[in-house]
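Report on one structure; see the data block that follows.
The values are calculated or read from the model by the stated rules, or taken from the named source; none is laboratory data. None of the values given here were measured: they were computed from a predicted structure. No Cβ is skipped: glycine too gets one built from the backbone with ideal geometry, and neighbour counts run over all protein chains shown.
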Amino acid sequence: VNDIDLEQVRSRHGFHKVRVARVQAETHDAATFVLALEPDQRSLFSYQPGQFCTVRVRIGDEEHLRCYSMSSSPATDRDMALTVKRVPGGRVSNWLIDQVREGDLLELSPPAGSFCPRGGDRPIVAFCGGSGITPVMSIIRAELHSGRRPVRLLYANRDRSSVIFAGALKQLAAEHPDRFELRFHHDEDSGLVKGAEIREFLAGQTDIDAYVCGPAAFMDLVETALIETGVDPHRIEVERFDRPIAGHADPGSIPSRGKAPETVTIIFEGTTHLIPYQVGDSLLATARRGGLAAPFSCEAGNCATCMARVVRGSAEMRVNDALTDDEVAAGWVLTCQAVPVTAELTVEYERL
Ligand SMILES: Cc1cc2nc3c(=O)[nH]c(=O)nc-3n(C[C@H](O)[C@H](O)[C@H](O)COP(=O)(O)OP(=O)(O)OC[C@H]3O[C@@H](n4cnc5c(N)ncnc54)[C@H](O)[C@@H]3O)c2cc1C
Ligand code: FES
C-alpha cells in the first residue's frame, strides 16, 4: 500500500476534529450533541438514517473509542447530531455528558453501519429500549418526511423521566396521525416488556421491516417474539449497543477454512510481537491475549476502528460491513472479524 492509499484510508476511517455547535439536555441522563461540520467535512460525513460515528476521546492517560448513532436525519436536519445516554459506571458516556460543551472539538470517524432502512413498501415497525431510540429516531424522521410507509414504534423505558425525545415523538405522532403509531412502555407501570406485549403490538402483522435496538435482554425478547409470530428473520434489523468487555469475553470462535498458524506476528505501535495463536480466535482477540491495547469499538464488523493491514499471509473476515473492496484488496482487515487462513501471518496496525 503506498502513502496515497494510506491517506485515503485515514480519511475514510480515521478521526476528524468536529466542533460541537450545541449541547441539548434531553433527560436527566441523556444529551444530544449537535455538530457543526466544516464545509470540507460535509461529504465525508454524509450519512444514512440509522448510522453511527465512532468517537475517540482521551480521558487521563487512556484513549477510548465508542460508537454513537445519529439521532438526526439527513432529510430533516441541517446539522448532524449524536445522542448519548449515561451508562452507570460508564467511562465515555458520562465523560461526554459531563465535560463536552458548545465550541469543543470531538474526534469522530466518518459515519458507518448498516442499521438503515431498506427500500420497499412494507410497514416499518420499531422496538426500542432506552438509548436504542437514537438510530430509530433518525430512521423514523426520514421515513415520515420522505417516505410513504406506515411507521409504528414501541418504546420502552424504566420510567417517564427517562424517555428521550418524548416531546418530538408525540409531535411526529400528531403530525402524522394516519402513518405513525406511537406506544410508550414504562416499566414503572407494568414491569419489563413481555413477549405478549410485543405480539399484541404486532397485531398479527408479519409482513414488515422490523428495527430493534435496546438492552441485550430486550432485544433477545423482541427478536424471539417476532420470529415466533412469523416475521421473516431476514426482515429483522438489530443494532447491538452492548459490546463484550475487553479481556472478559471474545466475539466467539470463528471457524477457519485454512491452516491455522502457531503464532501470529503483530506489528503494533512500531514494535513486532509474536503471539501464540489459538484456533478460532480473531486477530483482535490474539492481539489482546498478547497484551496489546489494540483499538476496537463495535466488535461487530461495522465501525472499522479495529482495522489493520495483513502484510504477510492472509486472513478471512466473518463479517465486513465497513471496508470497501479496494481496501480489502490492499490487505486491510477488520481484526475483530478476521482469522488467519495461512500458516504464517503478519498484521500491522496503522495509527488512523
Ligand atoms: C453501533 C453502536 C451504536 C451506539 N449508539 C449509541 C447511541 O446512539 N447512544 C448511546 O448512548 N450509546 C450508544 N452506543 C453505546 C456506546 O457506544 C457505549 O457503549 C456506551 O455509551 C457505554 O460506554 P461507556 O464508556 O460509558 O461505558 P463503559 O465504560 O464501556 O462501560 C459499560 C458498562 O460495562 C461496565 N464495565 C466496564 N468495564 C468493566 C469491567 N472491567 N468489569 C465489569 N464491568 C465493566 C460498566 O460499569 C458499564 O456498566 C452504541 C454502541 C454501538 C456498538
Ligand atoms: S471493532 Fe468495529 S469493526 Fe471491528
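Quick look at the numbers
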item	result
Any chance L96 is among the hydrophobic types (A, V, I, L, M, F, W, C), buried (at least 19 other Cβ atoms within 10 Å of the Cβ) and within 16 Å of C298 (Cβ to Cβ)	no
When residues of region 66-92 are limited to those that are of a type in the set (A, V, I, L, M, F, W, C), within 20 Å of C116 (Cβ to Cβ) and crowded, with 17+ Cβ neighbours inside 10 Å, the one farthest from ligand 2 (Cβ to nearest atom)	A81
The listed residue being touching a residue at least 60 places away in the same chain (Cβ under 8 Å) and farther than 20 Å from A30 by Cβ, out of A174, A196, A126, A142	A142
Breaking point among (1) among the charged types (D, E, K, R); (2) within 12 Å of ligand 1 (Cβ to nearest atom); (3) surrounded by fewer than 17 Cβ atoms within 10 Å (Cβ to Cβ), for R101	(2)
Tally of residues being within 17 Å of V222 (Cβ to Cβ) and either of a type in the set (S, T, N, Q) or within 21 Å of the chain's Cα centre (by Cα) (or both) across region 136-165	8
Positions within region 30-47 being of a type outside the set (F, W, Y) and not in a strand (DSSP E or B), in sequence order	L37, E38, P39, D40, Q41, R42, S43, L44, S46
Boolean, D321 is charged (D, E, K, R) and either buried (at least 24 other Cβ atoms within 10 Å of the Cβ) or without any contact (Cβ under 8 Å) to a residue 60 or more places away in the chain (or both)	no
Residues within region 324-348 that are away from ligand 1 (no atom under 16 Å from the Cβ), of a type in the set (A, V, I, L, M, F, W, C) and in contact with a Gly (Cβ under 9 Å, 6 or more places away or on another chain), tallied	5
Counted residues, region 324-343 - those being free of Cβ contacts under 8 Å to residues at least 60 places away in the same chain, touching a strand residue (DSSP E or B) at 6+ places or on another chain (Cβ under 7 Å) and not hydrophobic (A, V, I, L, M, F, W, C)	1
Strands (runs of 3 or more DSSP E) contained in region 60-146 and holding at least 3 residues over 21 Å from F15 (Cβ atoms)	124-129
Candidate set: region 287-302, residues that are more than 13 Å from ligand 1 (Cβ to nearest atom) and under 17 Å from W332 (Cα atoms); chosen: the one nearest to the chain's Cα centre (by Cα)	P295
Selected residue (criterion: farthest from ligand 1 (Cβ to nearest atom)) from residues of region 223-244 that are surrounded by 12 or more Cβ atoms within 10 Å (Cβ to Cβ), more than 19 Å from the chain's Cα centre (by Cα) and part of a helix (DSSP H, G or I)	T229
Checking L182 against (1) closer than 18 Å to A156 by Cα; (2) at pLDDT below 95; (3) away from ligand 1 (no atom under 16 Å from the Cβ), the condition it does not meet	(2)
Per-region count, region 308-322, residues more than 16 Å from ligand 1 (Cβ to nearest atom) and within 27 Å of D242 (Cβ to Cβ)	5
Within region 301-315, tally of residues that are more than 6 Å from ligand 2 (Cβ to nearest atom) and closer than 15 Å to A285 by Cβ	2
Failed item in (1) away from ligand 2 (no atom under 11 Å from the Cβ); (2) buried (at least 22 other Cβ atoms within 10 Å of the Cβ); (3) modelled with pLDDT of 95 or more, with D281 passing the rest	(3)
Meets criteria (buried (at least 22 other Cβ atoms within 10 Å of the Cβ) and either at negative phi or small (G, A, S) (or both)) for S138	yes
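Per-residue answers, yes or no, for (1) more than 9 Å from ligand 1 (Cβ to nearest atom); (2) closer than 30 Å to V231 by Cβ; (3) of a type outside the set (F, W, Y):
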| residue | (1), (2), (3) |
| --- | --- |
| E62 | yes, no, yes |
| M70 | no, yes, yes |
| M80 | yes, no, yes |
| C128 | yes, yes, yes |
| E143 | yes, yes, yes |
| Y155 | yes, yes, no |
| S162 | yes, yes, yes |
